[in-house]
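Peer 1: Provided herewith is a single structure, encoded as C-alpha cells, for subsequent inquiry.
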Amino acid sequence: MNTQQNLNIEFSQYLDINGTLLKPLPATLDNEELLIALYRLLVLTRLFDETAVNLQRTGIIGTYAQSKGQEAIGTAIGRAMLADDVFIPYYRDIATQIQRGVSFEEILQYWGGDERGSNFADQPNDFSLCVPIATQLCHAIGVAFALKFQSKRNVAVVTCGDGATSKGDFYESLNMAAAMHLPALFIINNNQWAISVPLHQQTASKTIAHKAIGAGIPAIQVDGNDVLAMLINISKALEQIRQSGKPFLIEAITYRICDHTTADDASRYMDADVLQEAIKKEPLIRHKRFLSTQHFWTEEKDKALYHDCQQQIDEAVDRYQNFPPQAAGDFFDYMYEQLPADLLEQKQGFIQGLKHHE
Ligand SMILES: Cc1ncc(C[n+]2csc(CCOP(=O)(O)OP(=O)(O)O)c2C)c(N)n1
Ligand SMILES: [Mg+2]
C-alpha cells in the first residue's frame, strides 16, 4: 500500500511555561521595545477584561466575554497584521481590535447594547464583533475573494473558537478558500471549551488543524499562551499567503481560565484541578518571567506598567459613561441604508411604546 500523504501536524513553541526560551528568536523579535510592547498589550487586555466584568456586575454593561488566559492570541494577531489587511473577529478578540483602531469605549458600547460601538471611528475596514457562532468565517471568504478580485496583496484574517469548527460554515469556508485560492488566514482559539462542552465531546478529530489538511489547507498548532510563538507563526503565515495567494490555518492551543461569559458559572462543569494546572501555563506570567530573565524587567517597572494601563482603561470608562445616550430606536438604523416598511413600522411602534411607558 502506498501512502498518499503524511498527516503530521507541527506544534510550535518558543517559551516554555517558566518563560525559558527554547530556541533562538528571529532577529526581528530580538528587540526590547517590541517585547515590552507585547507585554503591555497582554496586561492591558487582562485589566480591561477585569474592568468590564465589574461594569457588568454593577449593571453598566449588559454582558461580556472575557479573553482571560487567551490574550496572547489577539495580541500577536494585531501586531502581525498590516493596516490594510482585514480583520473579521469573534467575541474574544479585543487584544487585536485595540491595536487596529477600535477604542475601549466602542467595545464597551457594543457590550452595553449601543450599536454605535460597531461603527468604528478609526477603523474603516475591519468587521464588528461576531457573536453568532462561525458565521464570520463565511463573511471572511467574501472579503478574501474581494481582495483577490481587486489584486490586493492583503489578507482576510478570521478567528473563531474550537466549538465553531463543528459548524458547516467552518467546513464550507475552508473548502471555498482552498478551492478558489483565497488569501485567508484562519486562526482558531482552541480554549478547550464551547461553553460547557469540552473539546473531546465536540469533535473526534485528533486536532483542529487536521480539519484544514482535509480541505487542502496547510495548518499548524501553536502554543496559544506563548505570544512569541504566536507572533512568529502568524507573521510567517501572512507572508506565505501574500506570496502564494492561498489560505493557511493556525490552531492556537490555550485554555479558558474564566467563565464563558458573565452569564456563565464555569465552576459547575470545569474541574478545579485542571483549571489550576491551566492557570500555571497562562501567557502573562510566562512573558513576564521571560522579560525578567532578559534583565531589563523589574518589579518596579511592572507596577508602573499596570498602573499606567489601568489609568488608560479608567479614562475610557469615563468617556463611555459620559457619552450622550443613543436616540430611541437607534438600533434599527444600522443594517439597511433605507429601513424596509415592516421594520420602519416596528421602529415607530417601539418609539411610541417608550413614550407611552414614560
Ligand atoms: C449560531 C449560534 N449558535 C449558538 C450560539 C450560542 N453560543 C454562544 S458561544 C457558544 C460556544 C462557542 O464555543 P467556541 O467556538 O469554542 O468559542 P469560545 O466561546 O470557547 O471562545 C455557543 C454555542 C451562538 N452564539 N450562535
Ligand atoms: Mg472554545
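Peer 1: Scan region 198-221 for residues that are within 16 Å of ligand 2 (Cβ to nearest atom) and either within 23 Å of G74 (Cα to Cα) or acidic (D, E) (or both) and jot them down.
Peer 2: P198, L199, T207, I208, A209, K211, Q221
Peer 1: Do we find a residue being more than 9 Å from ligand 1 (Cβ to nearest atom) and assigned to a strand (DSSP E or B) anywhere in region 187-197?
Peer 2: Yes, region 187-197 has at least one match.
Peer 1: Cβ contacts < 6 Å: first residue within 20 Å of V158 (Cα to Cα), restricted to region 188-207; second residue assigned to a loop (DSSP other than H, G, I, E, B) and away from ligand 2 (no atom under 12 Å from the Cβ), any location; separation 6+ or different chain. Result?
Peer 2: Note: pairs meeting the criteria are T207/I9.
Peer 1: Counting only residues that are within 27 Å of the chain's Cα centre (by Cα) and within 19 Å of G117 (Cα to Cα), give me the helices (runs of 4 or more DSSP H) lying completely in region 259-358 with at least 1 of them.
Peer 2: It comes to 299-321.
Peer 1: A further question follows. Of the residues Q326, Q311, only one is open to solvent by 80 Å² or more (accessible area, probe 1.4 Å) and either closer than 15 Å to E50 by Cβ or modelled with pLDDT under 95 (or both); which?
Peer 2: Within the list Q326, Q311, the selection yields Q311.
Peer 1: Quick one: what pairs do we get from region 122-146, first residue at positive phi, second away from ligand 2 (no atom under 16 Å from the Cβ) and of a type in the set (S, T, Y), C-beta under 9 Å, 6+ apart or different chains?
Peer 2: A134/S173
Peer 1: Which ones in region 136-157 are within 16 Å of ligand 2 (Cβ to nearest atom) and of a type in the set (A, V, I, L, M)?
Peer 2: Of everything in region 136-157, just one residue is within 16 Å of ligand 2 (Cβ to nearest atom) and of a type in the set (A, V, I, L, M), namely L137.
Peer 1: Another question, if that's okay. Collect the residues in region 158-172 that are part of a helix (DSSP H, G or I) and either open to solvent by less than 10 Å² (accessible area, probe 1.4 Å) or within 9 Å of ligand 2 (Cβ to nearest atom) (or both), keeping them in residue-number order.
Peer 2: Taking region 158-172 first, the residues part of a helix (DSSP H, G or I) are 163-166, 168-172.
Of everything in region 158-172, those that are part of a helix (DSSP H, G or I) and either open to solvent by less than 10 Å² (accessible area, probe 1.4 Å) or within 9 Å of ligand 2 (Cβ to nearest atom) (or both) turn out to be G163, A164, T165, F170.
Peer 1: Among the residues of region 198-214, write down those that are more than 9 Å from ligand 1 (Cβ to nearest atom), in a helix (DSSP H, G or I) and open to solvent by 30 Å² or more (accessible area, probe 1.4 Å).
Peer 2: Listed by number, the residues that qualify are H200, Q201, H210, I213, G214.
Peer 1: On the given criteria, is L41 in a loop (DSSP other than H, G, I, E, B) and away from ligand 1 (no atom under 16 Å from the Cβ)?
Peer 2: The answer is no for L41.
Peer 1: OK, next. For region 220-256, which positions are farther than 27 Å from G142 by Cβ, in a loop (DSSP other than H, G, I, E, B) and open to solvent by less than 20 Å² (accessible area, probe 1.4 Å)?
Peer 2: N225, D226, T254, R256
Peer 1: Can you tell me which residues in region 73-93 are more than 16 Å from ligand 2 (Cβ to nearest atom) and in a helix (DSSP H, G or I)?
Peer 2: T75, A76, I77, G78, R79, A80
Peer 1: Return the only residue of K167, K148 being more than 29 Å from F104 (Cβ to Cβ), away from ligand 1 (no atom under 11 Å from the Cβ) and out of contact with any His (no Cβ under 7 Å at 6 or more places or on another chain).
Peer 2: K148
Peer 1: For I133, only one of the following conditions fails: (1) outside any helix (DSSP H, G or I); (2) open to solvent by 10 Å² or more (accessible area, probe 1.4 Å); (3) more than 12 Å from ligand 2 (Cβ to nearest atom); (4) under 25 Å from L275 (Cβ atoms). What is its number?
Peer 2: (3)
Peer 1: Quick check on L7: is it at pLDDT below 95 and touching a helix residue (DSSP H, G or I) at 6+ places or on another chain (Cβ under 7 Å)?
Peer 2: Here the answer is yes, as L7 does meet what is asked.
The values are calculated or read from the model by the stated rules, or taken from the named source; none is laboratory data. From a predicted model like this one, the values you see are computed outputs, not experimental measurements. For neighbour counting, all protein chains shown are included, and Cβ atoms are generated from backbone atoms with ideal geometry for every residue, glycine included. These area figures cover heavy atoms from the full protein model, side chains too; ligands, DNA and RNA do not enter into them. Shrake-Rupley method; radii C 1.70, N 1.55, O 1.52, S 1.80 Å.
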